[in-house]
Amino acid sequence: MVSAHVLTLARRPQGMPTAADFSIEGRILDCPPHGFIAEILYASVDPAMRTWISGEDTYRAPVAIGEPMPAIAIGRIVASRADRLPLGAFVRGPFGIASHAASGGEQVAVLPAGSPEALPHHLGVLGISGLSAWFGLTAQGGIKAGDRVLVSGAAGAVGSAAVQLARIAGAEAVGVAGGTDKCAWAAECFGAPVLDYRSGDLAASIKQMMPEGADLIFDNVGGAFLQAALENLAKGARIAVCGGISQYNNDTRHGPSNYLNLVVRRASMHGFLVHDYAAEFTEAVRRLARWHHEGRLVGVVDVEPGLENFAGALAGLFSGTNRGKRLLAPNPELL
């Protein structure tokens, strides 16, 4: 048996999540038959979590009051009844926001032994963030060399991966992020110009950078970004939508008023979920890992320590305090 602390949903947030919306509960974990218990090193903090706790049905059932907060996490096995999952192995799976987790091994991947510095990237560029960017650009966007690609959230986990993968594909990439310093940092770190949506007329700035319009738009922000992007479509443009972080905290959500530009420019816009491509994850991760090893795909992680800081870590995604992939370290003393 192992003592654990588990973060649960105490109430539905009104607007931006706060610490009072969550509780930390003590629990005793038993090692399941043919399973294991892991101490959690890193847990993924994602914008979509805000929709999971809103009470509305989306692509998954809402988190119930009193239910543990779900998350993909990385842990180290401290008790095991499974031969393929030995003590000390690093594993990634749906362990939730918790200090420790018990698992029967479902949806669990054993991570390669490597340097401690590489481990958190399996929740970033080598995990769902990188995979979302990859399948959005390729399977949804049909990216090809020479495309002009516009990417929102370019200083965040998915957007920064999309900027880099677009360049690897031989495309011309332009990112959009918020704040002069953050845009300068992202441009230097990820090798593409990044426009500041807080500075002036975004549609005009995009027009200046892409006078012939964008062939492919990768969007996980929506709102004002999508409005500006639709003003700058090349003929036959493709828009891949994997989220809308600008809308998640709003009681009433707003779409672009200029959507008829899709008709004028003979463009298409498709939403997607990365898990639609689960059967192709293994091969995609091999590609991402190769580029990461070669230094062509840079991963940046932003780690917040302590279960008690989860609400702030989540809220910070909406105010733009993160740079790269935001993670929570439930047991910071283990890092």
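The values are calculated or read from the model by the stated rules, or taken from the named source; none is laboratory data. The structure presented is a predicted model; accordingly, all values stated were derived computationally and were not measured. Because the Cβ atoms are built from the backbone with ideal geometry, glycine has one as well, and the counts that use them run over all protein chains shown. Side chains are part of the model used for accessible areas, which takes the heavy atoms of the whole protein and leaves out ligands, DNA and RNA. Shrake-Rupley method; radii C 1.70, N 1.55, O 1.52, S 1.80 Å.
What does the charge add up to near Pro47, with Lys and Arg as +1, Asp and Glu as -1, over the other residues with Cβ less than 13 Å from its Cβ?
With Lys, Arg at +1 and Asp, Glu at -1, the neighbours total +1.
Counting only C-alpha contacts under 8 Å and six or more residues apart, can you give the relative contact order of the range 153-216 as a whole percent?
27 percent
Cα-Cα pairs above 25 Å in the chain: how many percent?
The calculated P(r) of the chain puts 52 percent of pairs beyond 25 Å.
Rg/Rh for the range 32-141 to two decimals, with Rh computed the Kirkwood way over all alpha-carbon pairs.
1.00
Between Arg290 and Ile65, with labels modelled 7 Å along Cα→Cβ, what's the label distance in nm to one decimal, could you check?
Modelled inter-label distance: 5.2 nm.
Just to verify a number: what accessible area does Cys242 come out at with the full protein assembly present, 1.4 Å probe, Å² rounded to tens?
For Cys242, solvent-accessible area is about 40 Å².
What lysines could a cross-link reach from Lys182, if we take a straight Cα to Cα line under 22 Å and drop same-chain neighbours fewer than 8 places away?
Leaving aside lysines fewer than 8 places away in the same chain, those within reach of Lys182 are Lys207, Lys325.
Which of Gly243, Gly295, Gly96 ends up with the largest GNM mean-square fluctuation for the chain, with Cα atoms connected below 10 Å?
Looking only at Gly243, Gly295, Gly96, the largest GNM fluctuation is found for Gly295.
Show which aspartates and glutamates lie in cross-link reach of Lys235 when reach means a straight Cα distance below 14 angstrom and same-chain residues fewer than eight apart are skipped.
Cross-link targets: Asp147, Glu212, Asp215.
Ignoring ligands, DNA and RNA, what accessible area per residue does the chain give at 1.4 Å, in Å²?
For the chain, the solvent-accessible area averages 44 Å² per residue.
Grab the other residues whose beta carbon is less than 15 angstrom from that of Pro33, score K and R as +1, D and E as -1, and report the net.
Net of charged neighbours comes to -1.
Contour minus end-to-end for Asp57 and Asp181, with contour as 0.36 nm per residue of separation and end-to-end as the Cα-Cα distance?
40.9 nm
Going through the range 23-75, which GluC sites (Glu not before Pro) have at most 12 other Cβ atoms within 10 Å and a DSSP loop state?
In loop regions of the range 23-75 (DSSP not H, G, I, E or B), the sparsely surrounded GluC sites (Glu not before Pro) are Glu56.
What residue among Ile65, Ile28, Ile37 has the largest mean-square fluctuation in a Gaussian network model of the chain, using Cα springs under 10 Å?
Ile28
Using a 1.4 Å probe on the protein heavy atoms, what percent of the accessible area of the range 27-131 belongs to carbon and sulfur?
Answer for the range 27-131: carbon and sulfur cover 56 percent of the accessible area.
Can you tell me, using C-alpha contacts under 8 Å and at least 6 residues apart, the relative contact order of the chain as a whole percent?
19 percent
Take the solvent-accessible surface of the protein heavy atoms, probe 1.4 Å, and return the percent of it on the range 253-333 that carbon and sulfur atoms account for.
The C+S portion of the solvent-accessible surface of the range 253-333 is 52 percent.
I'd like the accessible area for Asp276, computed on protein heavy atoms only with a 1.4 Å probe and all protein chains in place. Round to 10 Å², please.
110 Å²
Gap in Å between the Cα centre of the range 131-186 and the Cα centre of the range 38-63?
Distance between centres, Cα-based: 24 Å.
Kirkwood Rh over Cα pairs of the range 152-227 into Stokes-Einstein at 4 °C, 1.567 mPa s: D in µm²/s?
For these conditions, the coefficient is 106 µm²/s.
Largest first, how would Met209, Met1 line up by accessible area (1.4 Å probe)?
Result of the area sort, largest leading: Met1, Met209.
Say R0 is 51 Å: what FRET efficiency, to the nearest 0.05, do Val264 and Ala10 get from their beta-carbon distance?
0.60
Just to be sure I understand: of the beta bridges DSSP finds with both ends in the chain, what percent are antiparallel, rounded to 5?
55 percent
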